[in-house]
Amino acid sequence: MTLLWIYMHVMVSLSIAFVPEDDKYILEGDLVLGGLFPIHSTFKPELEKCSDIQGQDGIQALEAMKYSIQTINNDAKILPGLSLGMVGVDTCESETISLDNTNELLDMRINKNVNTETCTCKSGNTMTNNLIGVIGPASSKLSIPVASLLRLFKVPQISYQSTSPELSDKTRFQYFKRTVPSDYFQATAIADLLKSLEYKYISIVYEDSSYGFNFKSMLEKLTMRGDFCVGVSMKLPYDPSDTQNQHTIKTLLKHKNMKGHIVVVLILRPHTAIELFKAVSQTTHAKSSFHWIATDGWAGRAFKNDDIKKVLEGSVGVQLLLGNIPGFKTYFTSLVNGNPTNPWWRDYMYAYGCTQDKCDVEEFGILHYINDAVKTFAYAIRGMHEAYCDKADGLCNSLKTALRGGTQLLEFLGNVSFKDNQGGIFQFVNSSEGPARYSILRYNEKEQWEIIGNFSQAGGTEEIFLNKKYRDDKYRGPSVCSLSCPFGYAKTISEDRCCWQCTKCSGNQYSGDFGCMPCPVGSHPNNNKSNCTPIHIDYMSFNDPAAIGTLTLSSIGIAVCIVVIVVFTINRETPLVKATDLKLSLLLVFSLILSYGSSAAFLAEPSPISCGLIRYLLGLCYTLQYATLLTKTIRIYRLFQAKSLEKKKFINSRSSITLTLLITFFHVLGLTVWIIFDRPDIRIDYDEDSGVLICDDADNYSYAISLSYSVALLIACVIFAVKTRKIPDGFKETRFIAICSYTTCIVWLAFASTFFFTNNNIVRVLSLCITLSINSTVSLCVLFLSRLYIIIFKPRLNTRERVMTRGNEKSDRTSKCYTANKSVGTEESSDEYVYTKNGLLAASVPNLAPFSSKTKRQVISAAHSLHNISILNNLIDDNDHPRKKEDIPLKHLPRITISDVETEFNV
């Protein structure tokens, strides 16, 4: 340790030639405190002397320490039988001079009256010139190297103004404490002040030191809260040249806000700030352009230069909580009569224009932190005195030994608590830092600093207060580089990151914190495009007018179908109903009911179940209808195109029903396989302003593939309907089937263009319902309503003759067809009907009498040639003459088939 001290002593003594001799402020006492104060503003090596003397930061601070010590010495309750002394030295705001003068103070720590071998005092009970601690320096830039040096010798240090967060590192600065808070809290206070004044666009000028860099970094981190934006950050050396100052001013002038002002946070010491203000005062039109935000480095200081005062008007700042030391101003003013113990007093009076009669004094409001530092040492010594000396007055041997080590004193310092001059309780936060308390200042028109608010931080809660009368001050903001963009517009950042242009958001975008942002799927921008709101999900419901109309028409259609079923069932023995084959007709009516009823499934809210029903019903309705019609046309075709006398197989009703159901079954089987391997599901189709709940199959060609089977049946119906178009009127369903088929083709063409070429799901659903309804209605009207009309309103036309004649033969020629009252060789008449491709041509042929005995009614099922037609027509013409067997012998009749059935032939 001794060798290390010798090394440091030699290194710092290299600057001893620049330090004036005997420039120490000495106050005798039993225990000595060192004081490091910026008596002069800066050291100029080229002049081998320090610069201007400082009044508030230097002389007042020095005298405040002396006054505080004298006050404590005059109170016997604090230090019974003991007195404090001090040695004040100048730092000149220089690291080199600060270290050299600290080294001078440490000379008093190595007590020459102490035997280094036995560590016992050689003379008396006093500790002559024994240094126990140091107060200062003011600047963090100087406190850092001084604290490192004092730590080597375990000398406790308390600074009254060093606020750099770097000094909070206890691994490096174990013996350093301060009565002021860290700059972290001051940066927070300035950020809250900027927010209160609506200063959103600022620039930063900081000094080239640990204090300046750390403060600037903390302030820039606080920009992430979004309260303000830093346009430019510039660094200035502690003693800037005119060129550097002018460059700084020109750069700042490029960052004006919308009002043409520049808001600048100055993180500088008084000397650097003054040099910059001088440069601004010499720049044309620059005085009124700047609004300064002061940090504790220069806020609250008095300035002598009138030009500087004009530059500062309206400045606001944050300073450590301002207060006063009771009686100090009176004490300081009285010193004008003489202060021989202060080697710098004469220079001070000359520099500030003081005379022996008067000296204008503005007390520096942070001197009470020096008073707190002195009191902290005093109360720590009193605690040690009580612990080591019992109740004996004076300096006991145990206390001497404890004070020489420094470690015990450090522990007692960390636990000190007392009532300060501001009425609060002073105690260290985390045993090393003062409480976070600040005053908000403004430089008014009277060229004075006034308190306009305060800031405090306790228990993790920050609180800023501004006096109400300053809330609408003319220097209030807003200070912005660009006006806020309205909702629906986004910022396009320019070269200056705080400035922007407003660009309109397009489409499905809203103006977010990071520009135009697309709304998530399922949402769209609200009216002012400030945020996203969920899209309304739409689907066809039963409450919609179109749905109500569709369901109403379907209900009417179903009702008519029920009427058809009832009427046909009641009149099932009539020729007209028999000619239609009642079972196939009822199956066809059922398919129409199914088509009408499908509208309910199509209009229901989409779900996996309803989507599955749509798959089945859309194909099944058409398939069942056209399978029935196809079976009818095939059966009629086979009957009337027969060319042999053999009986046709599989033409009865049971076979027809079986064939119809078999055709339908294959389609149902295909639909089932489709559903098994491709489960029906729903999804939401979004556009910019709405969403539609639809089945997954609604916008692809799955439905078209499903309907292809029905289309094939439809084509087959058309083919057979054309082939069987010339049959008796009772069997003219084939012609009606052709009409239905043609109508369906036209409807389907319209349906396909509507369904597959529109993206509107509501239109698609309605097109499905309307297509099925139109198709069912056409089939119902064409195939059943004409028969229904005859059955109900024209029953006289519901006869065999009417059923079996063609439309062009409903004349007298038809009426000539008669039924014989007697037949040769028989006891009762028999009615025989001859069927050809062109209809009923003859009845009661006498030559057929030999066959009449087999049954009561013999029906000739088919005749297969024009030759047959001619012969049968001739038979009808001869009915007016006496019947002769030889007219047409039986062997000369064309080959025919006799069907032995109980009832007339039903198709």
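Throughout, read-outs are computed from the coordinates displayed, never taken from laboratory work. What you see is a predicted model, and the numbers here were worked out from it, not measured in a lab. Glycine gets a Cβ as well: all are built from the backbone with ideal geometry, and neighbour counts include every protein chain shown.
Couple of notes before you dig in:
- The mean of 1/r over all distinct Cα pairs in region 266-350, once inverted, gives the Kirkwood hydrodynamic radius of 15.2 Å.
- Each principal axis of the Cα atoms in region 490-587 has its own extent, and those three values, largest first, are 98, 21, 15 angstrom.
- Taken along its principal axes, the alpha carbon cloud of region 210-329 reaches lengths of 49, 37, 28 Å, longest axis first.
- Volume per residue that the Cα convex hull of region 149-291 spans, once the total is divided by residue count, Å³: 115 Å³
- Ordering of 568-574, 776-782, 268-274 by packing [mean C-beta count within 10 Å, highest first]: 268-274, 776-782, 568-574
- Distant-in-sequence amide H partners of L131 (H built 1.01 Å from N, under 5 Å): R109
- In order through region 188-194: 3J(HN,Hα) via Karplus (6.51 cos²θ - 1.76 cosθ + 1.60), integer Hz, x for Gly, Pro: 5, 5, 5, 4, 5, 5, 4
- Two-site FRET efficiency, N528 against D496, from Cβ-Cβ distance with R₀ of 25 Å, rounded to 0.05: 0.35
- Applying 1/(1 + (r/R0)^6) with r as the Cβ-Cβ distance of V763 and A712 and R0 = 25 angstrom yields a FRET efficiency of 0.35.
- Relative contact order computed over region 322-439 (Cα-Cα under 8 Å; 6+ residues apart), in percent: 24 percent
- Packing-based ranking, highest mean first, of 789-798, 481-490, 582-591, 494-503 given that Cβ atoms within 10 Å are counted: 582-591, 481-490, 494-503, 789-798
- Building the convex hull from the alpha-carbon atoms of region 321-449 and averaging its projection over directions returns 11.3 nm².
- Amide H contacts of S523 (H built 1.01 Å from N, under 5 Å, at least 5 apart or other chain): I535
- Diffusion coefficient, µm² s⁻¹, Stokes-Einstein with Kirkwood Rh over alpha-carbon pairs of region 750-793 at 10 °C and 1.306 mPa s: 132 µm²/s
- At most 12 other Cβ within 10 Å, DSSP loop - GluC sites (Glu not before Pro), region 425-462: E445
- Within-13-Å neighbourhood charge of D372 [Cβ basis; K, R +1; D, E -1]: +3
- Based on Cα contacts under 8 Å between residues 6+ apart, region 189-331 shows a relative contact order of 23 percent.
- Whether region 138-231 is rounded, prolate or oblate, judged on the alpha carbon gyration tensor where a/c under 1.5 counts as rounded: prolate
- Once backbone amide H atoms are built at 1.01 Å from N, S479 has Y199, K200, Y201 as its partners under 5 Å, excluding neighbours fewer than 5 places away on the same chain.
- Potential lengthening of the chain between S607 and F514 amounts to 29.6 nm, from the contour at 0.36 nm per residue minus the alpha-carbon distance.
- Residue-by-residue Karplus 3J(HN,Hα) for region 69-75, coefficients 6.51, -1.76, 1.60, Hz, glycine and proline x: 5, 5, 5, 5, 5, 7, 10
- In this simple spin-label model, placing a label point 7 Å from the Cα along the Cα-to-Cβ direction at both I556 and Y789 gives a separation of 1.7 nm.
- Paramagnetic reach from D696 in region 577-614 [backbone N under 13 Å; point 7 Å along Cα→Cβ]: 607-609, 611-612
- Computed lengthening from D107 to T171, 0.36 nm per intervening residue step minus Cα-Cα distance: 20.5 nm
- Residues in region 59-77 that a label on S334 would reach, taking backbone N under 20 Å of a point 7 Å out along Cα→Cβ: 59-76
- Inter-label distance, nm, simple model (7 Å from Cα along the C-beta direction), M224/T251: 2.5 nm
- Cβ-derived FRET efficiency at R0 35 Å, D75 paired with T243, nearest 0.05: 0.05
- Virtual spin-label span in nm between N324 and A392, 7 Å along Cα→Cβ: 4.4 nm
- Other residues within the sphere of radius under 14 Å centred on the Cβ of A191, judged by their own Cβ, net out at -2 (K and R +1, D and E -1).
- For region 437-451, the Karplus equation 6.51 cos²θ - 1.76 cosθ + 1.60, evaluated at θ = phi - 60°, returns couplings of 9, 9, 10, 9, 10, 9, 8, 8, 5, 7, 6, 9, 7, 10, 7 Hz by residue, with Gly and Pro reported as x.
- Here the extension length gained between F666 and I537 equals 42.7 nm, from 0.36 nm per residue of separation less the Cα-Cα distance.
- Local electrostatic count at E166 - Lys and Arg +1, Asp and Glu -1, tallied over other residues with Cβ under 11 Å: 0
- Base-10 log of normalised Debye intensity for region 391-513 (one unit scatterer per alpha-carbon) at q = 0.09, 0.17, 0.18, 0.21 Å⁻¹: -0.62, -1.03, -1.07, -1.18
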